[in-house]
Amino acid sequence: MSGLKKIAVLVKQVPATENVKINPETGVMMREGLSVEVNPLDLHAIEEAVRLKEKFPDILVTAVTMGPPSADKAVRYAIAMGCDEGVVLTDRAFAGSDTLATARALSAALKKLGSFDLILSGERATDGETGQVGPSVGSLLGLPVLTYVSKLSVGADKLDIERAVEGGHEKLSSPFPALAVVIKEINSPRLCTLGGKLKGRKSDIKILSFADLDIPKENVGLSGSPTKVVKVRYPQVTRKGKKLSAAEDFDGAVGELLKVLNDNRVEVNA
Ligand SMILES: Cc1cc2nc3c(=O)[nH]c(=O)nc-3n(C[C@H](O)[C@H](O)[C@H](O)COP(=O)(O)OP(=O)(O)OC[C@H]3O[C@@H](n4cnc5c(N)ncnc54)[C@H](O)[C@@H]3O)c2cc1C
């Protein structure tokens, strides 16, 4: 018997590359033309929600994302993994939102969608990488925020978790509702089945726009974002590399390598 009835999973669509460029004028990431994927760390949050649903079939799992209309692919993927439904929060009014404005919009959407007993988020997004959105959503909703969750089990009226701390793990309990930020240690995300993929593709995705939320316009978008990007600089690579080709002159290349190591006072024991 579990006290859990509704779970929301926060899922972000991110560029499928580590080479995200920043617009030096606006300080905003340039996402145009990049192929996208579900934030890899969010797959662990989805997996945990689906495992809870498998254990307690009455649970309804809703995947929620904020992004452009095409971010529906992220929630469709979550459905393909086993979530019940997906919601995309999308509107020009949200463009330029920083982590606080994103969290304001997401928390207002979650309120609108009904009362969730548990909200799961990934540890951080691989593009923005702040790790702020999950805890901010929990805090804005006035929920207990459980971070670095590496194990989670549910009882009739509480959550029992383990969280990774320096040098070990800490055990905690929390009442529902709560927000848990999971880390990748918690599980191994499953691959989608063909049936799951078909369900994800065919599902009706609920779209929420700014007008659906009860928040002032000045709380979202660029103007509602207190983060000011002052300057963006790329690190200068000052090290010079040299390639030694051993294919044509093995002894010469090894000799040159030994000389470099010797010049840099690296001891070599042959
Ligand atoms: C001035 C400024 C302008 C910006 N303008 C834009 C813009 O126009 N468009 C844009 O896409 N980004 C924009 N960004 C980036 C945007 O703020 C971040 O991508 C976003 O707030 C998430 O932060 P993060 O990537 O650090 O996520 P993290 O805090 O690292 O994410 C942690 C977890 O929170 C959840 N989460 C995070 N974001 C979302 C989401 N969108 N939907 C659902 N769950 C989520 C996921 O579970 C994720 O694993 C801007 C940033 C700044 C500073």
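Before moving on, here are some points about what is shown:
- Among (1) of a type outside the set (Val, Ile, Thr); (2) in contact (Cβ under 8 Å) with a residue 60 or more places away in the chain; (3) near the ligand (Cβ under 8 Å from one of its atoms); (4) assigned to a helix (DSSP H, G or I) - the single one residue 109 does not satisfy: (3)
- Residues of segment 20-50 that are more than 9 Å from the ligand (Cβ to nearest atom), within 16 Å of residue 233 (Cβ to Cβ) and either of a type outside the set (Lys, Arg) or not assigned by TED's automatic domain parsing to the domain that holds residue 70 (or both): 20, 22, 23, 24, 25, 30.
Residues are listed down the side, and each one gets a yes or a no for (1) more than 9 Å from the ligand (Cβ to nearest atom); (2) surrounded by 24 or more Cβ atoms within 10 Å (Cβ to Cβ):
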{"residue": "64", "(1), (2)": "no, yes"}
{"residue": "79", "(1), (2)": "yes, yes"}
{"residue": "99", "(1), (2)": "no, no"}
{"residue": "134", "(1), (2)": "no, yes"}
{"residue": "141", "(1), (2)": "yes, no"}
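- Enumerated strands (runs of 3 or more DSSP E) restricted to segment 1-68, each holding at least 1 residues that are of a type in the set (D, E, K, R): 6-10, 36-38
- Residues of segment 23-40 include at least one that is under 25 Å from residue 138 (Cα atoms), out of contact with any Cys (no Cβ under 8 Å at 6 or more places or on another chain) and surrounded by 18 or more Cβ atoms within 10 Å (Cβ to Cβ).
- Tally, over segment 43-101, of residues that are of a type in the set (Asp, Glu) and touching a residue at least 60 places away in the same chain (Cβ under 8 Å): 6
The values are calculated or read from the model by the stated rules, or taken from the named source; none is laboratory data. Bear in mind the structure is a predicted one, so any value in this text is a computation, not a measurement. Reconstructed Cβ throughout: ideal geometry from the backbone, glycine too, with neighbour counts over all protein chains shown.
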